[in-house]
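Presented below is the structure to which this report refers.
Read the figures in this text as sums done on the coordinates, not as results from a lab. Note that the structure is a prediction, hence the values are computed from the model and not measured. Note that each Cβ is placed from the backbone with ideal geometry, even for glycine, and that neighbours are counted across all protein chains shown.
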Amino acid sequence: MSTTRGWLAATFAVASIGISVCPMHHGTVNVLAHSVAQLVTVTEPFRITELRSEALPTPEPLDTWVPTKSKHGESTTRVIVERGENAHAPPIVMLGGMCSLVEWTCGSLNAAGDEHAFVCPKPTGRCSNGTPNWDNLWMSAYDLVDQSVTSVARAHPEAIDRERAILAGFSMGALVAANYVMSRPGYRRVLLAGAFVQLEVETLRKNGVERVLLASNDWDMARPSMVNTAKKLSAQGFAARFLSTGPGGHGFAPSEAWWKMALAWLQDENLASLE
């Protein structure tokens, strides 16, 4: 008789919905519409065995170089993915200044936090001391930027959300970035630092640019021009702001607090910040 009751209980459990005793709600019984085979183990005598799920391991940070081939020659692109909690944050495509090592370029992004992917193309030109240089500001430079992003996306698809990428540049890299967005679509958010740039609202809008943040140190010779450019664009109803990176001459090494404000404004859908 005992065996019959046990068989009937097991048969009833399999034929109906699964039952899981859950510690939530002060020990009440949760009724779950799942296969009982996933929730219980039927033995003699009948008992319920709890199943536990294992937490997924946190992906390792990535810091590597990706081969990049453009119309102007072969190069490499440095990509850094810190694997922060916000896996969906936009990648920052950073173009460095004249005669700047890519290590310096990506190094200036360290304070931006661990929630972004950093893509730093290596220019194919060379200064007299052998360091990389943007020797052609126009078509070849644009192609290198595009091919750098394409190469990284192919090698590390988790590092690039192309539609949400931020194009950034410092000094000559800012000139390349400014002329890129004035000549073709590709980026909605742009950060330009330490350069005399010329931007037109009509062209920016035609190419899909939604907001531009201009920046410089307080004693940078380009500061007055960048402040005026931001004011001119803003007066025409375009989302443009200037944000000082603090005391100093021509350079780009913003603090973590600066990056927090800058990226919050660049990614925000309203204009509440930096007003």
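As a rough guide to protection, the peptides 165-177, 217-229 ranked by mean Cβ packing within 10 Å, highest first, stand as 165-177, 217-229.
Sequence-ordered 3J(HN,Hα) estimates for the stretch 204-215 from the Karplus curve with 6.51, -1.76 and 1.60 and θ = phi - 60° stand at 4, 5, 4, 8, x, 6, 9, 7, 10, 10, 9, 8 Hz, glycine and proline given as x. Here the 3J(HN,Hα) profile of the stretch 92-100, calculated from phi with Karplus coefficients 6.51, -1.76 and 1.60 at θ = phi - 60°, is 10, 9, 10, 9, x, x, 5, 6, 9 Hz, Gly and Pro shown as x. Please say if the stretch 153-218 is rounded, prolate or oblate, where rounded means a/c under 1.5 for a ≥ b ≥ c the square roots of the C-alpha gyration tensor eigenvalues, and otherwise the choice is prolate for a/b larger than b/c and oblate otherwise? Oblate. Stretching the chain fully between residue 227 and residue 155 yields a gain of 22.1 nm (0.36 nm per residue, less the alpha carbon separation). Considering only the Cα atoms of the stretch 92-247, their convex hull presents on average a projected area of 9.1 nm². Quick one: which residues, 5+ away or cross-chain, put their amide H under 5 Å from the amide H of residue 95? H built at 1.01 Å from N. Under 5 Å from the amide H of residue 95: 168, 169, 170.
Each peptide in 139-145, 209-215, 179-185, 117-123 receives the mean, over its residues, of other Cβ atoms within 10 Å, and ordering these scores from highest gives 117-123, 209-215, 139-145, 179-185. With bins 5 Å wide beginning at 0, the percent of Cα pairs of the stretch 222-268 falling in each bin runs 5, 19, 23, 26, 20, 7, 1.
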